1. Kindly establish whether residue 299 is β-branched (Val, Ile, Thr), away from ligand 2 (no atom under 16 Å from the Cβ), within 29 Å of the chain's Cα centre (by Cα) and open to solvent by less than 40 Å² (accessible area, probe 1.4 Å).
2. Residue check: is residue 447 acidic (Asp, Glu) and modelled with pLDDT under 70?
3. Can you find a residue that is open to solvent by 10 Å² or more (accessible area, probe 1.4 Å), within 27 Å of residue 337 (Cβ to Cβ) and at pLDDT 90 or above anywhere in segment 188-196?
4. I'd like to verify a number: residues in segment 105-129 that are open to solvent by less than 30 Å² (accessible area, probe 1.4 Å) and either closer than 21 Å to residue 421 by Cβ or free of Cβ contacts under 8 Å to residues at least 60 places away in the same chain (or both), how many?
5. Where residues in segment 72-90 are open to solvent by 90 Å² or more (accessible area, probe 1.4 Å) and either of a type outside the set (Lys, Arg) or touching a residue at least 40 places away in the same chain (Cβ under 8 Å) (or both), which of them is farthest from residue 59 (Cα to Cα)?
6. For segment 125-145, which residues satisfy the criterion of being within 16 Å of ligand 2 (Cβ to nearest atom) and aliphatic (A, V, I, L, M)?
7. Among the residues in segment 363-378, are any surrounded by fewer than 17 Cβ atoms within 10 Å (Cβ to Cβ) and within 16 Å of ligand 1 (Cβ to nearest atom)?
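The values are calculated or read from the model by the stated rules, or taken from the named source; none is laboratory data. The shown structure was predicted, so the numbers you read here are calculated from the model rather than taken from an experiment. Heads up, the Cβs are rebuilt from the backbone with ideal geometry, glycines too, and the neighbour counts pull from every protein chain shown. For accessibility, only protein heavy atoms count, side chains too; no ligands or nucleic acids. Shrake-Rupley method; radii C 1.70, N 1.55, O 1.52, S 1.80 Å.
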Amino acid sequence: MSEESQRRSLSESYSSTDLKDCLEREKIMALPENALILGIETSCDDTGCAIVTKSGKVISQSLKSQVSIHEKWGGVVPTLAQEAHKNAIDDCVKEALDLARCKIEDLSAVAVTVGPGLAMCLRVGVRKAQKISAMAGIPIVPVHHMEAHCLVARVKDDEKENEGGSARAEEVAKFPFVALLVSGGHNVLLKVEGVGKYTILGQTLDDAIGEAYDKTARILGLPVGGGGGPALEALAKEYEIDVLEKLREKARAEIERDDDVTDEIFEKIVQKKVKNPIKFTVPLKQRKTCDFSFAGLKTNVRMAIEKNLGTIDEQTKQFVLPSEDWDGIENREMRASIAHAFQDAAVKHLEDRVDRAIRWVKDDGLEPTCLVVAGGVAANQKIRKSLSRIAESHSIITVFPKPAWCTDNGVMVAWAGVERLNLGLCEKPVSKSSDAWIKSEHDRDCDVHLKPRWPLGDLDVRATSDVRSMKVAKISLPLSN
Ligand code: KG4
Ligand code: ZN
């Protein structure tokens, strides 16, 4: 079989998998509303499991994070991640079952992430799913990780608070919508027309935004355990609260105020005069696409640090202060100014791209119902507020899945499984007499079709095609093909 046809057959087995030749299909479509679907996620550094009903009620969830394992290495170490998944998977599934007060035999299907992600990690989840499928005689639903991130915005969350967003608690995303997925590994804008119907409007040409937040936090000497984003956001806020107010006070004392100037006008003059001494240009401003780029911004941060604070130690990736008697306050203020300038440019970059993405979708003759923002970076309050404003300017709401469902988790996989099952899309149960099952435990994964590289959909014709991820030779065909 040629590589191309092999890739095509692999892709088809997951994208348009349906049980058309199989009596099971009717059974699957007729599952009752309270049928239980287990979801398993092991694509990166979180082992996540959850049980969701066919009608979308989240019954239980369990998550085993690996933050403490990878923290000291400054990134995810695949071999350690695989080992941690292996150690956690049985307990994670058991916890989800126990919390739901059910047994494997009570499940109607098992959904599992098959890509994209780290092959050795994906394999742990898929093997567990195969085992459960064979034991309970239930179908497997292969799930695309990014599709799961996207579709979880359609799960009703009764506890949803939606701070910073304009959506109400009961609001869930309805097709078609625009989705922005932003995390440490993903940075993509999508047109979502239905389950399996995705078009990539833009993606990053280099780093993902979360990666840029993490690296910037690291060189600013901030704590980066579990991602540097929250610490960097807090430091940027410190600039707005402390540094900016001090600069304003200084300006108020310096400006000569005429008697006829009202307080309001005076404050406007002050605000105009006071500027962050550090300013970075918004990436790709001249490029009228929905692509992203954060590498240049990262370089700008490095240069600002070297100019204003000291050189960066190549080993620790933190800056070395110019002298022992460096003024601590000034240092903190300068770091806060840099953090703020970074966030300001990054947020404006997102705003610019999201605004264009919504316009593109409207130009296609579609009326998007909402903007979905998901991924770890969606926890950022500044980003939530500014993107909600952009969506409002297009008269659409913003839907933020709750933070625990924004980062990698089992609920999103179980739910993507439900959405696929409702369309009859799944794989036959693994038979205990099948080749995959007869092989020894060690070899059993030979038949597992993992898709570590798997684009979610085709690139929009207006998008740039020379992005980093598309350069990888062994890439699977898009899910929506
Ligand atoms: O989705 P996630 O948990 O994992 C993946 O990367 O797939 O996202 C983690 C990323 C990290 O880069 C982290 O720094 C970033 O999300 N993040 C934030 C914030 N909270 C988490 N970035 C900016 N502001 C935040 N408040
Ligand atoms: Zn993810």
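1. Taking the combined requirement at face value, the residue does not satisfy it.
2. yes
3. No, there is no match, as no residue in segment 188-196 is open to solvent by 10 Å² or more (accessible area, probe 1.4 Å), within 27 Å of residue 337 (Cβ to Cβ) and at pLDDT 90 or above.
4. 13
5. 73
6. 143
7. no
Results for (1) modelled with pLDDT under 95; (2) under 24 Å from residue 376 (Cβ atoms), shown as yes or no for each residue.
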{"residue": "21", "(1), (2)": "yes, no"}
{"residue": "27", "(1), (2)": "yes, no"}
{"residue": "71", "(1), (2)": "yes, yes"}
{"residue": "79", "(1), (2)": "yes, yes"}
{"residue": "89", "(1), (2)": "no, yes"}
{"residue": "97", "(1), (2)": "no, no"}
{"residue": "100", "(1), (2)": "no, no"}
